[in-house]
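Student: Before anything else, here's the structure in question.
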């Protein structure tokens, strides 16, 4: 089985959800089939990262500059492409893709996200691979993400921009997704949304997973007063989550537990997030080499997201480490987890704060949630299971 994967990024370092999914599936797919990964140069990926991927048995091909607004992408915006997609219309990447599919016959061509999916017409024009089965991996339903950005935007200008992007993404999803032989979504909820947007689309579900060897319960000392949030802070939904938590939920918690600590762990904190580091009890770490010591030290792991799509890997990682998790409904949507058994789902500042306070004070309740949550991810969310599903899909299509 020869599989070509076109990705908008090199998946190392695995510092955010999309990269984490791609690199873990590559680890499990490469022993079973010949995988070629084509990606543009990627910000903060190093030659060592590229070599690690090649050492896994993956044929990594890097072509094109890092995504940016070029003259070509500006033309694409004029044609109605959303800005996030237009940045990935990279001439050198398209040309290398064209040469690859002219030189070698593949059994399946897989596109990671619409950012790569917009290159499908190049495949269809190929004399050698024009009829090769195509798969689009929908990490998020982008129009939904931008609709939520619109609803939660803090200014009229940001609202207008998000509204326009949501409409443009929906138009692209409606037109492009049915052109693939199969779209893979992260959850049944995302699949339902995609079917509503594009009724002719063919969809299967392969959820996100977790590296169960890497994320395990640790003997590190749990700080009963510590709350932890993990996420790449250059992704606006994460920034919005911590700012919302600090403004609306954190004051309630501090009134009840003055010694409470809030750790914000993740790369590229914005100036607004960095400013929180001066607030009593709040710590902004920036990029860390290993998130596990921070997660292990938490009494409560929080996910107060108001914006997003797909499913949250951070929840699966925290549960795998045996942590009590409090999440908003949006934060855990699409995950097959049971409220009150595997985690706590809370919406609204008072309810969210109330559960965090209760769990900080009640070690037995924390441990009950932790046991149940870890059992669920061990039984259902290993990356090996997800790779088996992808191999089945490849075989069915080829």
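The values are calculated or read from the model by the stated rules, or taken from the named source; none is laboratory data. Everything numeric here is computed off the predicted structure, so don't read it as measured data. Virtual Cβ from ideal backbone geometry, glycine too; neighbours counted across all protein chains shown.
Student: In the stretch 1-14, how many residues are surrounded by fewer than 18 Cβ atoms within 10 Å (Cβ to Cβ), under 14 Å from the mean Cα position of the chain (by Cα) and in contact (Cβ under 8 Å) with a residue 12 or more places away in the chain?
Tutor: Within the stretch 1-14, the first condition is being surrounded by fewer than 18 Cβ atoms within 10 Å (Cβ to Cβ), and the residues that meet it are 1-2, 14.
Then drop every residue that is not under 14 Å from the mean Cα position of the chain (by Cα), which leaves 14.
Remaining after also requiring in contact (Cβ under 8 Å) with a residue 12 or more places away in the chain: none.
Of the residues in that region, 0 qualify.
Student: Further question: Across the stretch 15-51, what is the number of residues that are modelled with pLDDT of 95 or more, in a loop (DSSP other than H, G, I, E, B) and surrounded by 20 or more Cβ atoms within 10 Å (Cβ to Cβ)?
Tutor: 1
Residues checked against (1) outside the structural domain of residue 256 (by TED's automatic domain parsing); (2) closer than 25 Å to residue 16 by Cα; (3) buried (at least 21 other Cβ atoms within 10 Å of the Cβ):
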{"position": "323", "(1), (2), (3)": "no, yes, yes"}
{"position": "336", "(1), (2), (3)": "no, yes, no"}
{"position": "348", "(1), (2), (3)": "no, no, no"}
{"position": "367", "(1), (2), (3)": "no, no, no"}
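Student: Quick check on the stretch 169-200: of everything there that is buried (at least 22 other Cβ atoms within 10 Å of the Cβ), more than 19 Å from residue 5 (Cα to Cα) and touching a strand residue (DSSP E or B) at 6+ places or on another chain (Cβ under 7 Å), which residue is modelled with the highest pLDDT?
Tutor: Here the residue is 194.
Student: For a quick check of your reading: which helices (runs of 4 or more DSSP H) sit entirely within the stretch 271-383 and have at least 2 residues that are in contact with a helix residue (DSSP H, G or I) (Cβ under 8 Å, 6 or more places away or on another chain)? Full working, then the answer.
Tutor: Numbers: elements: 271-274, 292-297, 313-320, 329-332, 349-361, 363-380.
Because the criterion is at least 2 residues that are in contact with a helix residue (DSSP H, G or I) (Cβ under 8 Å, 6 or more places away or on another chain), the helices (runs of 4 or more DSSP H) in the stretch 271-383 that meet it are 271-274, 313-320, 329-332, 349-361, 363-380.
Student: Hand me the list of helices (runs of 4 or more DSSP H) wholly inside the stretch 161-261 holding 3 or more residues that are out of contact with any helix residue (DSSP H, G or I) (no Cβ under 8 Å at 6 or more places or on another chain), outside the structural domain of residue 133 (by TED's automatic domain parsing) and farther than 27 Å from residue 383 by Cα. Working first, answer last.
Tutor: Values: elements: 188-197, 236-244, 250-256.
Helices (runs of 4 or more DSSP H) meeting the threshold: 250-256.
Student: Which of (1) at negative phi; (2) touching a residue at least 12 places away in the same chain (Cβ under 8 Å) does residue 195 not meet, given it meets every other one?
Tutor: Among (1) at negative phi; (2) touching a residue at least 12 places away in the same chain (Cβ under 8 Å), the lone unmet condition for residue 195 is (2).
Student: When you scan the stretch 70-85, do you find a residue that is at pLDDT 90 or above, part of a helix (DSSP H, G or I) and closer than 23 Å to residue 233 by Cα, even just one?
Tutor: As a first pass, look at the stretch 70-85 and keep what is at pLDDT 90 or above: 85.
Next cut, part of a helix (DSSP H, G or I) only: 85.
Checking which are closer than 23 Å to residue 233 by Cα leaves us with 85.
Scanning the stretch 70-85 turns up at least one residue that is at pLDDT 90 or above, part of a helix (DSSP H, G or I) and closer than 23 Å to residue 233 by Cα.
Student: Quick check: anything in the stretch 89-109 closer than 20 Å to residue 175 by Cα, in the same structural domain as residue 40 (by TED's automatic domain parsing), under 20 Å from the mean Cα position of the chain (by Cα) and modelled with pLDDT of 95 or more?
Tutor: Scanning the stretch 89-109, I find no residue that is closer than 20 Å to residue 175 by Cα, in the same structural domain as residue 40 (by TED's automatic domain parsing), under 20 Å from the mean Cα position of the chain (by Cα) and modelled with pLDDT of 95 or more, so the answer is no.
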